[in-house]
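The values are calculated or read from the model by the stated rules, or taken from the named source; none is laboratory data. Just so you know, these numbers come straight off a predicted model, no measurement behind them. With ideal geometry, Cβ positions are generated from the backbone for all residues, glycine too; neighbour counts draw on all protein chains shown.
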Amino acid sequence: MERTVERDLSDPMVGRLLDRRYRIGPRIARGGMASVYEATDVRLDRVVAIKIMHPGMGDDDGEFAARFVREARHAARLSHTNVVGVFDQGEENGTVYLAMEYVPGHTLRDVIRKESPMPATKALALIEPILAALSAAHAAGLIHRDIKPENVLISDDGRVKVADFGLAKAVSADTQHTATGGVLIGTVSYLAPELVVDGRADARADVYAAGVVLYEMLTGRKPHEGASPIQVAYKHVHEDVPPPSAVVPGLPAYVDALVARATARDRSHRPADARVLLHQVHRVRQALDEGVPDDPELVADLAPPLAVVVLEPELEHHDTDRADERALAADAPYDSPYDVEQDREHTDPLEGSDRYHDTTTIDRQQPSRVPATRTPPPPPVVADPWQSDERPRRSRRGLVLLLVALLLAVGAGAGAWYFGFARYTSTPGVIGLTAAQAEVRMDKAGLGFRVADTAYSETVAKGEIISTDPKAGERVLDDGTVTAVVSLGLERYKVPKLRGDTEDEAQAAIQDLNLEFGSSVPTYHPTIPEGQVIGSNPKAGTPLKPGATVDILLSRGPRPIKVVDWTGKDADKAEAALTKQGLEVTRTEDFSDTVDEGDVIQQTPSTGSLVKGDKVELTVSEGPEQVEIPRVVGMGQSAAENKLRDAGFEVKIEQHPDSIGLGWVVKVEPGQGDLADKGSTVTLIVI
């Protein structure tokens, strides 16, 4: 039933029936591009979240509106339990909207405020569903571009969902080399260095942001802070994310290594996508669960190689340049679980992250405002007034310096060759092989092999390799170890036996097997009591994919049978009809002066409802009772009358034509010894 929503004069959208389907309720978020409202889908009678683009955001060429529409199309391609679902997209009289899943609850930002620094096990448990959502997006060719705690929703029942794929773009040649017409939209505290410098965005930018979120959960603070957003962006480009253990002593080194790998400034050193990072998180979490205090091999596997980060040509940086401040627009405070790009200016750059988000727009069409790293120029040559004028001595020193420079260059080249190439080998491809076959191939390549995890697969047979870390063809240290994920085969769960369970017991049994409870179908059953399960659809033992729906047949008890009254009707027909309905019929017979022989004198019960197997009693007429006429011939009239009346007859007296007045009975009609209906009249003829 549609809820009544009062109109709000301060917001004309509240109370409006949008597109004759969505009744707009209270606004739950507002940003620079759109507002989000709680609404009721009157067609399907469910609560949804409606995201409506601001009318003033439409530019001349419709780029903002077009991007808004693309958001719906891209997000609708994602169907994952950890992604906020997109239901519908439309436009009515210039109002462009997006209907999406409404998730009541709070955000990861709220959890970080209350619980950080949090234990590493909890931080990893929270980052896993985020990476699962990003893995689905990356597999579909999408990148999020704005991963931050405000965009991670946690429902009241604990489900974690990633929201706002509004900045996501399909990975293509265009999106890998530019960013929204030269303007980068993102959140400065979580921006990967390559996004700050040149707007290059691929799955590894999401990996970087996820690593920053993990750091923030572990430490309770952001890795890079500054007096202004431009300073924060500068630090992302020039400074590594510090190890979390520097803030929270006692964290294992492999946790530091995991954060370092995810947030490596050189994106080639990061995991290729969220799926790879999720696998690494599983390895770290397993070590934590087993109580491993230190694992040098795991640290070596995870830690990024040391490298000098060289990006685009350096641009002049001024910490207090107000032009830089005007080039950056940061978000205003916002606590709704449906985050959108904010439109209020960041008025106090010194405020902490708990009050202000830092969604920032950086215009790369004005390159002088963005810092980047480059190789510093050589120092200028300054004339030395104390230098000798002797040419031979100056030549010898120059020759020595040249030889030293050559030796250093050769040594550096040899070192670079060894540390950057010679000590590495390529990971052999073992996808589709068994673990034993993979180990043999790795051994031939001089590498160790270890099964790190198992996972279900719809495409890889049970016991075969699904993936390796590093991937096939990637470089790995000589004598290094390659870890693999082995297939468990198809993930299937058999429908449990539910017959005789209550509805709640059946629902719990279904959900315990990673299946979804569908609905209860009320069904009559002759023997199973009302409220107990008769069976399921699909039937018990059927193997199903995780998340498949199972319906149950719930007993309503025996089917009721309406009783028909057969009184006064043929007893044989009555018995046949009642027996066909499943009722048990019993018959008794009795004499009746009013009901014909063979008809029903009485039926018990004769009205109401019965169930199959209940009893119905029929009293069937034998007609009037027959009585033998006693012998009264030769008796006196008075004695004969009394005897006939005692036998149940009526008596009629007639005088014989030759009567002499003696009063003796000489004849009986019907004759004595005959049978006559009880209550009928017997005539006595006396003389």
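Residues of segment 75-87 that are modelled with pLDDT of 85 or more and surrounded by 17 or more Cβ atoms within 10 Å (Cβ to Cβ): H80, N82, V83, V84, G85, V86, F87.
Checking G568, G582, G547 one by one, the residue that is in the same structural domain as I528 (by TED's automatic domain parsing) and either aliphatic (A, V, I, L, M) or assigned to a loop (DSSP other than H, G, I, E, B) (or both) is G547 and no other.
What number of residues in segment 612-628 are at pLDDT below 90 and touching a Leu at 6+ places or on another chain (Cβ under 9 Å)?
5
Of the residues making up segment 245-264, just one is surrounded by 21 or more Cβ atoms within 10 Å (Cβ to Cβ) and touching an Asp or Glu at 6+ places or on another chain (Cβ under 6 Å), namely Y254.
Under 9 Å between Cβ atoms, at least 6 apart or on separate chains: pull out the pairs that start in segment 74-102 with a residue that is free of Cβ contacts under 8 Å to residues at least 24 places away in the same chain and end on any residue that is basic (K, R) and assigned to a strand (DSSP E or B). Cβ pairs passing all conditions: G85/K161. Would it be correct to say that V632 is among the aliphatic types (A, V, I, L, M), assigned to a loop (DSSP other than H, G, I, E, B) and under 26 Å from Q672 (Cβ atoms)? So V632 fits the description; yes. Look at segment 634-657: where a residue is over 11 Å from V686 (Cα atoms) and a partner is among the hydroxyl-bearing types (S, T, Y) and modelled with pLDDT of 90 or more, sitting 6+ places away or on another chain with Cβ atoms under 6 Å, you get E650/T681.
The combined condition, being over 30 Å from P193 (Cβ atoms) and either at pLDDT below 75 or of a type outside the set (D, E, K, R) (or both), is fulfilled by A461.
For segment 434-464, residues that are under 25 Å from V281 (Cβ atoms) and either hydrophobic (A, V, I, L, M, F, W, C) or touching a helix residue (DSSP H, G or I) at 6+ places or on another chain (Cβ under 6 Å) (or both) total 10.
Do you know which of the residues in segment 578-593 that are within 60 Å of the chain's Cα centre (by Cα) and loosely packed, with under 14 Cβ neighbours inside 10 Å is nearest to K678 (Cα to Cα)? Going through the qualifying residues, I end up with T586.
In contact with a Lys or Arg (Cβ under 8 Å, 6 or more places away or on another chain), free of Cβ contacts under 8 Å to residues at least 60 places away in the same chain and not assigned by TED's automatic domain parsing to the domain that holds K580: is that true of V665 in this structure? When the stated conditions are applied, V665 does not pass them. When segment 90-126 is filtered for residues that are touching a helix residue (DSSP H, G or I) at 6+ places or on another chain (Cβ under 8 Å), within 18 Å of V42 (Cβ to Cβ) and buried (at least 23 other Cβ atoms within 10 Å of the Cβ), the ones remaining, listed by number, are L98, M100. Take L153 and decide whether it is in contact with a Ser or Thr (Cβ under 9 Å, 6 or more places away or on another chain), modelled with pLDDT of 90 or more and under 30 Å from R285 (Cα atoms). Spelling it out, L153 is indeed in contact with a Ser or Thr (Cβ under 9 Å, 6 or more places away or on another chain), modelled with pLDDT of 90 or more and under 30 Å from R285 (Cα atoms).
The numbered conditions (1) under 20 Å from the mean Cα position of the chain (by Cα); (2) of a type in the set (D, E, K, R); (3) buried (at least 24 other Cβ atoms within 10 Å of the Cβ); (4) assigned to a loop (DSSP other than H, G, I, E, B) are all true for E150 except (4).
When you scan segment 509-521, do you find a residue that is surrounded by 13 or more Cβ atoms within 10 Å (Cβ to Cβ), within 25 Å of Q581 (Cβ to Cβ) and not hydrophobic (A, V, I, L, M, F, W, C), even just one? The answer is no; no qualifying residue exists. Within segment 32-69, if we keep just the residues that are among the aliphatic types (A, V, I, L, M), surrounded by 17 or more Cβ atoms within 10 Å (Cβ to Cβ) and closer than 18 Å to E101 by Cβ, the residue that is modelled with the lowest pLDDT turns out to be A34.
I need the full set of residues from segment 496-537 which are in contact with a Lys or Arg (Cβ under 9 Å, 6 or more places away or on another chain) and either in a strand (DSSP E or B) or in the same structural domain as L610 (by TED's automatic domain parsing) (or both), in order please. P522, T523, Q532, V533, I534, G535, S536, listed by residue number.
Strands (runs of 3 or more DSSP E) fully within segment 79-128 that include at least 1 residues being more than 19 Å from the chain's Cα centre (by Cα): 86-92, 95-101. Exactly one residue out of A137, A72 is within 30 Å of R221 (Cα to Cα) and either part of a helix (DSSP H, G or I) or at pLDDT 95 or above (or both), and it is A137.
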